[in-house]
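Undergrad: The structure that follows is given in the form of structure tokens.
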Amino acid sequence: MRVLVTGAAGFLGSHLCDRLLAEGHRVVGMDNFLTGNPVNIAHLRKHPSFQFVLHDVANFVEVQGPLDGVLHFASPASPVDYLDYPIQTLKVGSLGTHKALGLSRAKGARFLLASTSEVYGDPLVHPQPESYWGNVNPVGPRGVYDEAKRFAEALTMAYHRYHKLDTRIVRIFNTYGPRMRPKDGRVVSNFIVQAIKGDPLTVYGDGSQTRSFCYVDDLIEGIVRLFERGGSDPTNIGNPHEFTVRQLAELVLRLTSSRSAIVEQPLPTDDPKVRQPDIRHARETLDWEPQVPLEDGLRRTIEYFRGIVV
Ligand code: NAD
Ligand code: UDP
């Protein structure tokens, strides 16, 4: 196959390019480096099957030659990033998704949207099955991301129903691993970097809110299976083991042997109180199950950050 990955220089996009190339596919990576890092794909620059295009996906996308797949990963993903770039986030989720869908249609390519557990907002149903419609504040600060992704899902389904485009929607739950930016503001990267530096770990609120953390390799495996043999219905991909943020802080301190303190800081507006994927649909349709326990994944991620944080 020859596929386009938007957001290729990001955390997930770069791992996805690696995986697709390892399977023998040809990959066109596209990114504007808004929140990505050229270093994430530096090792691919000379790969004979990899081509990079510097482009903002919110503008008309042109790719020469045939395409069998378009995997749309471009978007700020960390709350800190999408609060810094609210308009770009709305544009890449809406206009960018429209451009990527239009390209897929023109090329007759299968389309996959990287959606998010944030479509469930601050959920009133727990754990979250795909059938839950969510509890999102459209005008709150997180609305720029949540509503852009909800629009992107609606547009993807419209292309599927109206144009008969072959589509996939993956709802990704909190994923972590090597290549997260040390300063991207997400909880796993923040805690590990703080612990390594001996700085206090910043728990927002009292740390009783929960998240379910998926190691990047597990996520990519689920996404590849969904792309290859899944259906058009949205599919949760995440690790259902749920932890409080305070438990995560304590685990990071133990695994890094850090003597950092834990300090509480204000909870961001509309921060979801709980989050855990119901992954029955992925289990049944993709025979997929996460394999990497949090402790193992954190060890690998800590090793990565030790190599880049001085
Ligand atoms: P990231 O910020 O590391 O990567 C996003 C990439 O998209 C960056 O390289 C950025 O430069 C690029 N980008 C942003 N706007 C662009 C534009 N207009 N044109 C071209 N490129 C653009 O984030 P990530 O964690 O790798 O997330 C990738 C995708 O997965 C996003 O769509 C995100 O919403 C989704 N997702 C991620 C998670 C997670 O836990 N990592 C959870 C849910 C959903
Ligand atoms: N969080 C925290 N300290 C930090 C960063 C985040 O306590 O330094 C909390 C945040 O308030 C949220 C959870 O950790 O409850 C996960 O935040 P993240 O930004 O990783 O992703 P989210 O799930 O909110 O999109």
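Undergrad: How many residues does segment 6-38 hold that are more than 13 Å from the chain's Cα centre (by Cα) and either among the basic types (Lys, Arg) or outside any helix (DSSP H, G or I) (or both)?
TA: Step one: filter segment 6-38 for residues more than 13 Å from the chain's Cα centre (by Cα), giving 17-34, 37-38.
Imposing the further condition that a residue be either among the basic types (Lys, Arg) or outside any helix (DSSP H, G or I) (or both) reduces the set to 19, 23-34, 37-38.
The qualifying residues number 15.
Undergrad: Still on this structure, I have one more. Please verify whether PRO79 is farther than 25 Å from GLY222 by Cα, of a type outside the set (A, V, I, L, M) and surrounded by fewer than 24 Cβ atoms within 10 Å (Cβ to Cβ), treating the condition exactly as stated. First the steps, then the outcome.
TA: Details: farther than 25 Å from GLY222 by Cα: no; of a type outside the set (A, V, I, L, M): yes; surrounded by fewer than 24 Cβ atoms within 10 Å (Cβ to Cβ): yes.
Judged against the criteria, PRO79 is not a match.
Undergrad: Out of the residues in segment 234-248 meeting the condition of being polar (S, T, N, Q), open to solvent by less than 60 Å² (accessible area, probe 1.4 Å) and not in a loop (DSSP other than H, G, I, E, B), tell me which one is nearest to ligand 1 (Cβ to nearest atom). Give the steps one after another, and end with the answer.
TA: The initial filter retains those residues of segment 234-248 that are polar (S, T, N, Q), namely 235-236, 239, 244, 247.
Okay, now just the ones that are also open to solvent by less than 60 Å² (accessible area, probe 1.4 Å), so 235-236, 239, 244.
The next check asks that each one be not in a loop (DSSP other than H, G, I, E, B); those that pass are 235-236, 244.
On the way: THR235: 13, ASN236: 11, THR244: 18 Å.
If we take residues in segment 234-248 being polar (S, T, N, Q), open to solvent by less than 60 Å² (accessible area, probe 1.4 Å) and not in a loop (DSSP other than H, G, I, E, B), then ASN236 is nearest to ligand 1 (Cβ to nearest atom).
Undergrad: For THR156, only one of the following conditions fails: (1) touching a residue at least 60 places away in the same chain (Cβ under 8 Å); (2) closer than 23 Å to LEU112 by Cα; (3) not acidic (Asp, Glu). What is its number?
TA: It fails just one condition, (1).
Undergrad: Condition test on ALA77, is it over 19 Å from LEU101 (Cβ atoms) and touching a residue at least 60 places away in the same chain (Cβ under 8 Å)? Even if it seems obvious, please write down each step before you answer.
TA: Details: over 19 Å from LEU101 (Cβ atoms): yes; touching a residue at least 60 places away in the same chain (Cβ under 8 Å): yes.
For ALA77, the condition - over 19 Å from LEU101 (Cβ atoms) and touching a residue at least 60 places away in the same chain (Cβ under 8 Å) - is met.
Undergrad: Tally the residues that are in contact with a helix residue (DSSP H, G or I) (Cβ under 7 Å, 6 or more places away or on another chain), within 15 Å of ligand 1 (Cβ to nearest atom) and aliphatic (A, V, I, L, M), restricting the search to segment 267-286. Talk me through it step by step, then tell me what you get.
TA: Here is the first cut: in segment 267-286, the ones in contact with a helix residue (DSSP H, G or I) (Cβ under 7 Å, 6 or more places away or on another chain) are 268, 275, 277, 282, 286.
Narrowing the set further to residues that are within 15 Å of ligand 1 (Cβ to nearest atom) leaves 275, 277, 282.
From what's left, aliphatic (A, V, I, L, M): 282.
The total comes to 1.
Undergrad: Testing GLU289 on (1) assigned to a loop (DSSP other than H, G, I, E, B); (2) away from ligand 1 (no atom under 13 Å from the Cβ); (3) in contact with a strand residue (DSSP E or B) (Cβ under 8 Å, 6 or more places away or on another chain); (4) open to solvent by 10 Å² or more (accessible area, probe 1.4 Å), one condition comes back false. Which one is that?
TA: (3)
Undergrad: In segment 155-196, which residues are hydroxyl-bearing (Ser, Thr, Tyr), open to solvent by less than 10 Å² (accessible area, probe 1.4 Å) and either within 12 Å of ligand 2 (Cβ to nearest atom) or at positive phi (or both)? So that I can check it myself, show each step before the final result.
TA: Filtering segment 155-196 for residues hydroxyl-bearing (Ser, Thr, Tyr) gives 156, 159, 162, 167, 175-176, 189.
Keeping just the survivors that are open to solvent by less than 10 Å² (accessible area, probe 1.4 Å) gives 156, 167, 176, 189.
Within segment 155-196, TYR176, SER189 meet the criteria.
Undergrad: Is it fair to say ARG225 is closer than 30 Å to LYS164 by Cβ, open to solvent by 30 Å² or more (accessible area, probe 1.4 Å) and charged (D, E, K, R)?
TA: On the way: closer than 30 Å to LYS164 by Cβ: yes; open to solvent by 30 Å² or more (accessible area, probe 1.4 Å): yes; charged (D, E, K, R): yes.
Yes; evaluated as a whole, the condition is true for this residue.
Here's the yes/no breakdown for (1) crowded, with 17+ Cβ neighbours inside 10 Å; (2) modelled with pLDDT of 95 or more; (3) closer than 16 Å to LEU113 by Cα; (4) not hydroxyl-bearing (Ser, Thr, Tyr):
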position	(1), (2), (3), (4)
CYS17	yes, yes, yes, yes
GLY29	yes, yes, yes, yes
PHE33	no, yes, no, yes
HIS43	no, yes, no, yes
VAL63	yes, yes, no, yes
PHE73	yes, yes, yes, yes
GLN88	yes, yes, no, yes
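Undergrad: Here's another thing I want to ask about it. When the residues of segment 142-154 are filtered to those that are away from ligand 2 (no atom under 16 Å from the Cβ) and open to solvent by 50 Å² or more (accessible area, probe 1.4 Å), which remaining residue is farthest from ARG229 (Cα to Cα)? Even if it seems obvious, please write down each step before you answer.
TA: First, the residues of segment 142-154 that are away from ligand 2 (no atom under 16 Å from the Cβ): 151-154.
This time we only want the ones that are open to solvent by 50 Å² or more (accessible area, probe 1.4 Å), so: 151, 154.
Details: PHE151: 24, ALA154: 21 Å.
Step by step, filter segment 142-154, then rank; the result is PHE151.
Undergrad: Here's something else I'd like to know. Residues VAL216, VAL193, VAL203: which one is within 24 Å of GLU250 (Cβ to Cβ), under 15 Å from the mean Cα position of the chain (by Cα) and modelled with pLDDT of 95 or more? Give the steps one after another, and end with the answer.
TA: Working: VAL193 fails: under 15 Å from the mean Cα position of the chain (by Cα); VAL203 fails: under 15 Å from the mean Cα position of the chain (by Cα).
Every option except VAL216 fails the conditions.
Undergrad: Please go through (1) closer than 21 Å to ARG19 by Cβ; (2) away from ligand 1 (no atom under 16 Å from the Cβ); (3) open to solvent by 30 Å² or more (accessible area, probe 1.4 Å); (4) touching a residue at least 60 places away in the same chain (Cβ under 8 Å) for GLU264 and return the number of the only condition it doesn't satisfy.
TA: Here GLU264 meets the rest and fails (1).
Undergrad: Hey, another quick one. Please work out if VAL61 is within 13 Å of ligand 1 (Cβ to nearest atom), touching a Lys or Arg at 6+ places or on another chain (Cβ under 6 Å) and touching a residue at least 12 places away in the same chain (Cβ under 8 Å). So that I can check it myself, show each step before the final result.
TA: Details: within 13 Å of ligand 1 (Cβ to nearest atom): yes; touching a Lys or Arg at 6+ places or on another chain (Cβ under 6 Å): yes; touching a residue at least 12 places away in the same chain (Cβ under 8 Å): yes.
Judged against the criteria, VAL61 is a match.
Undergrad: Are any of the residues in segment 116-126 part of a helix (DSSP H, G or I) and of a type in the set (Phe, Trp, Tyr)? Show your work before the answer.
TA: Keep residues of segment 116-126 that are part of a helix (DSSP H, G or I), which gives 117-120.
Narrowing the set further to residues that are of a type in the set (Phe, Trp, Tyr) leaves 120.
For segment 116-126, residues part of a helix (DSSP H, G or I) and of a type in the set (Phe, Trp, Tyr): present.
Undergrad: Can you tell me which of (1) near ligand 1 (Cβ under 8 Å from one of its atoms); (2) free of Cβ contacts under 8 Å to residues at least 60 places away in the same chain; (3) in contact with a strand residue (DSSP E or B) (Cβ under 7 Å, 6 or more places away or on another chain) is the one HIS25 doesn't meet?
TA: Against the list (1) near ligand 1 (Cβ under 8 Å from one of its atoms); (2) free of Cβ contacts under 8 Å to residues at least 60 places away in the same chain; (3) in contact with a strand residue (DSSP E or B) (Cβ under 7 Å, 6 or more places away or on another chain), HIS25 comes up short only on (1).
Undergrad: In segment 156-199, what count of residues is obtained for those that are closer than 24 Å to TYR132 by Cβ, outside any helix (DSSP H, G or I) and not aliphatic (A, V, I, L, M)? Don't jump to the end; show me each part of the working.
TA: So the first thing to find is which residues in segment 156-199 are closer than 24 Å to TYR132 by Cβ, and the list is 156-161, 167-176, 186-187.
Pick out the ones that are also outside any helix (DSSP H, G or I) and you get 167-176, 186.
Adding the requirement that they be not aliphatic (A, V, I, L, M) leaves 167-168, 171, 173-176, 186.
The total comes to 8.
The values are calculated or read from the model by the stated rules, or taken from the named source; none is laboratory data. Model, not experiment: these values are computed from the prediction. In this analysis, Cβ positions are derived from the backbone assuming ideal geometry, glycine residues included, and neighbour counts consider all displayed protein chains. Heads up: the accessible areas ignore ligands, DNA and RNA and are worked out on the full protein's heavy atoms, side chains in. Shrake-Rupley method; radii C 1.70, N 1.55, O 1.52, S 1.80 Å.
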